[in-house]
Amino acid sequence: MYVEAKRGKSRELWTFHGGLHLPENKTISLTGPVRQADLPTRLVLPLHQHIGTPAQSLVKVGQRVLKGEKIADSTAPVTAPLHAPTSGTVIEIGNHPIPHPSGLPGLCIVIEPDGRDEWGELPQPIDDYRSADAATLRSRIREAGIVGMGGATFPSAVKLNPGKPIKTLIINGAECEPYITCDDRLMQDEPERVMEGVRILQHILQSEECLIAIEDNKSEAILAMHNLVRDDEPIEVIRIPTIYPSGGEKQLIRILTGREVPSSGLPAQLGVICHNVATAAAIADAVLEGKPLISRLVTLTGEGIREPGNFKALIGTLAGDLIEQAGGYQNHPEQLILGGPMMGFDLSSDTIPITKGANCLLCPTLEELPRPEPAQACIRCGRCADVCPAHLLPQQLYWYSRAKDLEKTQDYNLFDCIECGCCSHVCPSHIPLVQYYRYAKHESWAQEQERRESEHAKQRHDDRIARLERLEAARKARLRKKKEALDKKPPATKKPKPGAPDKESKQAAIEAAMKRAAEKKAKQQAQPKNIENLTPAQQAKIDAVEQRRKNAKETAATSETEQQP
Ligand code: SF4
Ligand code: SF4
């Protein structure tokens with residue numbers, strides 16, 4: 001298919017598999033201009049309103065904050081800081097209902113505005129952004145807390161650092177989901193802001209071409225953007241066919257380039273990056289005015305709302321407060337959906353806050369959007385596969401999600417599912433297929449998280465063991481070295497004391513002493529008794545003693561004989 005693009009050139013477009021032509025229901029919220037929402041009495045700011053690591057609070061309860069002041073951040077690589085949308089006092093940091101399909105509460109900073117709307121100190125504008133390097137501009141975008149505002153909420157600064165050359169920058173102005181009109185309104189009302197953001201993005205990525213894709217049901221937006229493109233810039237506004245979900249990233253890349261992003265792959269692998277038009281406008285604010293992301297356009301629509309339209313609301317404004325400014329409820333609506341009828345999810349109450357990715361509050365009546373009929377068994381008709389724009393087998397995914405066989409769901413590329421809802425929409429058995437896929441994705445993430453934590457704990461244990469082994473080996477090596485050094489040392493020789501006899505004379509002295517002792521002993525043996533030259537009296541005494549000794553011996557011998565039996 002060929003379409004007329006900028007400067008009358010024709011550009012070839014491709015189609016993607018599946019998709020649906022849906023009733024648009026857009027005029028209901030497009031009739032009036034954008035309304036500035038009132039300053040609410042309370043702003044509830046979830047710390048986790050982006051993909052990645054949640055931000056951590058930088059403020060305390062009771063602290064006064066100024067408009068634009070950073071109130072939460074994180075050092076994680078994929079995260080986004082949060083800023084005070086107006087001046088006021090932090091009155092609470094605690095759990096509140098947040099916009100999430102799980103319906104679970106999340107940690108929020110609650111600010112009570114003081115009504116002065118007083119700005120804090122902002123960074124200097126970078127007017128001449130063409131002279132600034134990409135890193136400086138990315139840092140400004142990061143510090144401004146900008147995330148994908150089409151609903152993806154991926155931190156924009158991270159996406160702008162793909163680590164590969166980018167040939168094609170795609171600006172997504174398709175806004176393909178029924179009812180939602182905030183991007184259309186933005187392009188019609190503030191095309192200059194969007195176009196400045198597009199030029200900044202193009203400068204950062206240095207892409208060869210920049211394609212602004214808008215569905216052909218938004219003629220005024222196409223014209224407004226087209227009129228701003230200069231002849232000397234590589235930017236084109238492309239009119240694409242209206243078919244849902246043409247605004248899906250992979251589907252848009254397919255339409256514009258004819259190329260398929262591989263399963264589990266990223267557009268950057270093809271040299272392509274996509275950003276939403278509202279993200280581009282927020283980037284222009286951050287770079288050219290130093291303003292962080294603290295507000296956004298939100299579509300309030302559906303026949304359950306008295307005065308539908310688009311509102312510029314501060315992030316953190318409660319849905320109920322905004323609906324009140326749109327005239328309140330009418331016709332007894334039974335649902336409040338965040339997002340559109342296809343990809344949005346039911347809110348349990350209107351006390352949830354508007355976040356950076358919240359593009360629409362849809363409040364349809366039952367006639368307008370009937371409740372789904374009770375689900376019946378799958379009849380294997382295959383219609384879901386026919387409409388799936390991601391080339392998946394939705395019925396297989398359904399079976400395995402239902403059986404909680406998460407491994408199998410991944411074999412069938414569960415994570416390629418963009419949750420567009422086309423399969424559920426056509427299913428004759430009214431099976432809420434997307435709910436099963438969301439459940440399976442959530443469980444898979446939880447399991448993955450558990451696996452990572454357990455691996456992390458094991459790694460810590462292994463590291464400790466390795467460290468202890470290293471220390472022991474080092475200790476042994478030290479001992480071995482010491483022993484070797486001792487073995488190599490010659491035996492110590494004692495220095496003789498001055499005046500002391502040397503070894504030889506000592507030995508001679510020993511020998512002489514031994515000789516003297518031997519002579520003495522021999523002499524004693526040679527003279528056993530001194531019995532020479534005795535007087536007769538002395539001899540008589542000796543004889544008497546000898547006689548007594550003899551008698552005593554004989555007496556002892558006799559008594560021994562008598563005692564024997
Ligand atoms: S459309 Fe529904 S009934 Fe038909 S195969 Fe898919 S899940 Fe089964
Ligand atoms: S919701 Fe997922 S499975 Fe269903 S049609 Fe969309 S991409 Fe395919």
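In table form, for the structure just shown:
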item	result
Of residues in the stretch 429-447 being more than 10 Å from ligand 1 (Cβ to nearest atom) and of a type in the set (S, T, Y), the one farthest from G103 (Cα to Cα)	S444
Residues that are over 14 Å from T301 (Cβ atoms) and within 37 Å of the chain's Cα centre (by Cα), drawn from the stretch 326-335	E334
Count of residues meeting criterion [small (G, A, S) and assigned to a strand (DSSP E or B)] in the stretch 301-333	2
Residue satisfying condition, being touching a residue at least 24 places away in the same chain (Cβ under 8 Å) and out of contact with any helix residue (DSSP H, G or I) (no Cβ under 9 Å at 6 or more places or on another chain), within set G151, G197, G163, G173	G151
The stretch 219-245: number of residues that are part of a loop (DSSP other than H, G, I, E, B) and surrounded by fewer than 24 Cβ atoms within 10 Å (Cβ to Cβ)	11
Which listed residue is of a type outside the set (S, T, N, Q), over 21 Å from G320 (Cα atoms) and without any contact (Cβ under 8 Å) to a residue 24 or more places away in the chain, from D117, D73, D127	D73
2 or more residues of a type in the set (F, W, Y) and within 16 Å of ligand 2 (Cβ to nearest atom): qualifying helices (runs of 4 or more DSSP H) within the stretch 397-493	433-488
Residue in the stretch 42-51 that is touching a residue at least 24 places away in the same chain (Cβ under 8 Å) and either outside the structural domain of D189 (by TED's automatic domain parsing) or out of contact with any Pro (no Cβ under 9 Å at 6 or more places or on another chain) (or both) present	no
Selected residue (criterion: farthest from ligand 1 (Cβ to nearest atom)) from residues of the stretch 388-405 that are hydrophobic (A, V, I, L, M, F, W, C) and surrounded by fewer than 20 Cβ atoms within 10 Å (Cβ to Cβ)	A403
Those residues of the stretch 161-183 which are more than 19 Å from V287 (Cβ to Cβ) and crowded, with 24+ Cβ neighbours inside 10 Å, in sequence order	I170, N172, G173, A174, E175, C176, E177, Y179, I180, T181, C182, D183
Residues satisfying the stated conditions in the stretch 305-357, i.e. under 20 Å from G148 (Cα atoms) and aromatic (F, W, Y)	F311, F345
Test for I93: is it among the hydrophobic types (A, V, I, L, M, F, W, C), without any contact (Cβ under 8 Å) to a residue 60 or more places away in the chain, in contact with a Cys (Cβ under 8 Å, 6 or more places away or on another chain) and in the same structural domain as K291 (by TED's automatic domain parsing)	yes
Options I51, I71, I98; residue that is closer than 22 Å to K291 by Cα and at pLDDT below 95	I51
Single residue of the stretch 264-280 satisfying the filter (in contact with a helix residue (DSSP H, G or I) (Cβ under 9 Å, 6 or more places away or on another chain) and in a helix (DSSP H, G or I)) that is farthest from V147 (Cα to Cα)	L270
Where V34 falls short, out of the listed (1) within 25 Å of G247 (Cβ to Cβ); (2) under 32 Å from the mean Cα position of the chain (by Cα); (3) of a type in the set (V, I, T)	(2)
Selected residue (criterion: farthest from ligand 2 (Cβ to nearest atom)) from residues of the stretch 359-387 that are in a loop (DSSP other than H, G, I, E, B) and surrounded by 16 or more Cβ atoms within 10 Å (Cβ to Cβ)	T365
Flag if I93 is of a type in the set (V, I, T) and modelled with pLDDT of 95 or more	yes
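The values are calculated or read from the model by the stated rules, or taken from the named source; none is laboratory data. Remember, it's a predicted structure, so these values are computed and weren't measured experimentally. Because the Cβ atoms are built from the backbone with ideal geometry, glycine has one as well, and the counts that use them run over all protein chains shown.
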